[in-house]
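Down below is the structure, laid out as structure tokens.
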Amino acid sequence: MGRLGAIQRVVESYLISVAPSTPAFGFLTLVPWSSQEKPANVLAFEAGCGDLSLESIAQIVEQHEVVLIVSVYRTKKEKRSVVRLLDYVKTTHPDAVVFLVQLPDRLDPELTNSYLNELMVRHHELYSVVADGVLMELAGDPWGLQHKLSLELQENAAIQLRMRARISTVNEGLPSAMQLKDMEDEFRSLLWNAIPDVLMPDFAPLDERLLECGSRVGDFQLVRPYSDHQHVSLAVNGQHENVVIKVYDKRSVTDAKEVESIYREFCLLTHTLDHPHVIRCVGMLHSQCSVRLVLQYGGDVCMEQVLSTQTGYRLPRDDALDCSAQIASDLSHCHAQDVVHGQVSLRHVAVETAWNGHICRLVDFSMAARVPNSSTRETPCGSLPCAAPEAALSEPYLPKPADCWSLGVFLLETACGQGSLKLSVQWRRGESLAYAARQVLEFFSQAGCHIEAMTKMCKSLDGVTLACLEALLKPEPARRASASDVVGMLSTRRTEQANLD
């Protein structure tokens, strides 16, 4: 009973964390459910499913286009029960998409090499069960689960198309241009219609009647490209309000990972993040040729352009600290939702000029992701000068401290001069990002490095800026200040300044 209770806690903890956020999926589990409340899209039953009505199984299969059977798959009895259930589902619903989801057999497992090897042995054994795919899940991450399913479905579709092409080649010689186009059209339909229909409930359906004519898209009049971003335009809506439209050419998107990235950015900026210094998404347009995100207007220029027009290529001290406080507040909000931006930089801060200074808003969440505190990321993110060194080294890294490093460089460049980091580290043009990152780490490991970086372009020292830079630009990610720490530091500065005034 002790072993069953431990497995029950693992399964229930996982399903409670992911099922409510993924209503498009139906979940079946071989483990009996306890007395706590069960998500509506979860069906739990005893192993062997003898006491569960076939109507209940049919109902959850019919209501969800993807069904996931969740367990630890530790015993032969468990696997036999899965085979029987899978046979029933595939016989009665041949078009159903069914995946097996394997969990560890204890909460917060110590992932030693021997334990991972044990999990992998069980994982490989599951491939003998004829499901549409097998996933191993070590954390309750709904976004991660959706991402894995996107890739699996795309790979399954690609395999089917390749097999069809090979059969055509064997039977009829090389496929004709028409056959190749038909296969490409089918793949595009899977990429932009089938996968979003199954996994992305808020993805805008294809609008074959959407007007795309010259400088007009639907109800929007395109004004001009935004900054030097050719795929982003300033536009005016039907109420003569300024908006920004970000366009993705469907011909240049080649896999489900990119489609999922577009959808993730849309969801984050529409549903998850609500902060005055985050650009909001107000809509999505989906035509035959493109997908467009309609974004809140945040000003005509980015911070990179603002600095290029300033004396000394920097903002006045108080203005630089205010702008950095706005971005720190923004990141603190994101990180509280377990959202990381991934590429905080001068180019990704839109700036609107107001009577009392600059209003800054963080834009471009195309590399953003949901990552809990303890989880690492391997995706290289960002570009010089703002990219965190560890994010450029193709190794697992903690993404929240990486965002905080980028915040530190943002403060350095706005307060002390655009180009301060490059002048301090002196990496050469053409060097790889990884090599430059090692040079940055070496520079900030030296005594007095922060003062040296501050005074490369600006000869005056400021105690508040220096304190923030020393807290953020630390080579060891675990020792960096958090975004909320920086908000507190800069709030204290404002209070002291107000008292002096």
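The values are calculated or read from the model by the stated rules, or taken from the named source; none is laboratory data. Given the structure is predicted, the values throughout are model-derived calculations rather than measurements. No Cβ is skipped: glycine too gets one built from the backbone with ideal geometry, and neighbour counts run over all protein chains shown. With ligands, DNA and RNA removed, areas are computed over all heavy atoms of the protein, side chains included. Shrake-Rupley method; radii C 1.70, N 1.55, O 1.52, S 1.80 Å.
Tabulated values for the structure
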quantity: Summed residue charge, Cβ within 15 Å of GLU125's Cβ, Lys/Arg positive, Asp/Glu negative; calculated: +3
quantity: Out-of-range pairs (alpha-carbon distance over 26 Å; input LYS79/LYS257; LYS246/LYS456; LYS148/LYS250; LYS422/LYS474; LYS38/LYS79; LYS400/LYS456); calculated: LYS79/LYS257; LYS246/LYS456; LYS400/LYS456
quantity: For the chain, accessible area per residue (1.4 Å probe, heavy atoms of protein chains only), Å²; calculated: 48 Å²
quantity: Length-normalised contact order of the chain in % [C-alpha pairs under 8 Å, at least 6 apart]; calculated: 9 percent
quantity: Burial ranking of peptide ranges 26-36, 55-65 (average Cβ count within 10 Å, highest at the top); calculated: 26-36, 55-65
quantity: Rounded to 10°, Cα long-axis angle of helix 177-189 versus longest principal axis of the chain; calculated: 80 degrees
quantity: Highest-first arrangement of 466-477, 278-289, 306-317, 107-118, where packing means the average Cβ count within 10 Å; calculated: 466-477, 278-289, 306-317, 107-118
quantity: Candidate lysines for bridging to LYS76, where Cα separation is under 25 Å - those fewer than 8 sequence places away on the same chain excluded; calculated: LYS90
quantity: Electrostatic dipole magnitude of the chain [Cβ: Lys, Arg +1; Asp, Glu -1; Cα centre; debye, to 20]; calculated: 840 debye
quantity: Student exercise, the range 356-501 dipole from Lys, Arg, Asp, Glu Cβ charges, in Debye to nearest 20; calculated: 180 debye
quantity: Value at 222 nm in deg cm²/dmol, rounded to 500, when DSSP H runs of n ≥ 4 in the chain each add -39,500 (n - 2.57); calculated: -13500 deg cm²/dmol
quantity: Folded to 0 to 90 degrees: helix 2-18 orientation relative to the chain principal axis, Cα; calculated: 60 degrees
quantity: Translational diffusion coefficient (Stokes-Einstein; Kirkwood radius from C-alpha pairs) of the chain at 20 °C, 1.002 mPa s, in µm²/s; calculated: 84 µm²/s
quantity: Net charge over other residues, Cβ less than 12 angstrom from the Cβ of ARG480 (K, R count +1; D, E count -1); calculated: -2
quantity: Rounded to 10°, Cα long-axis angle of helix 483-500 versus longest principal axis of the chain; calculated: 30 degrees
quantity: Portion, in percent, of the accessible area of the range 394-443 that falls on carbon or sulfur, probe 1.4 Å; calculated: 51 percent
quantity: Solvent-accessible surface ranking, highest first, for ILE7, ILE327 at 1.4 angstrom; calculated: ILE7, ILE327
quantity: Dimensionless Rg/Rh of the range 236-297 - Kirkwood Rh, Rg from C-alpha atoms; calculated: 1.00
quantity: Cβ-defined net charge surrounding VAL18, 9 Å radius [Lys, Arg +1; Asp, Glu -1]; calculated: -2
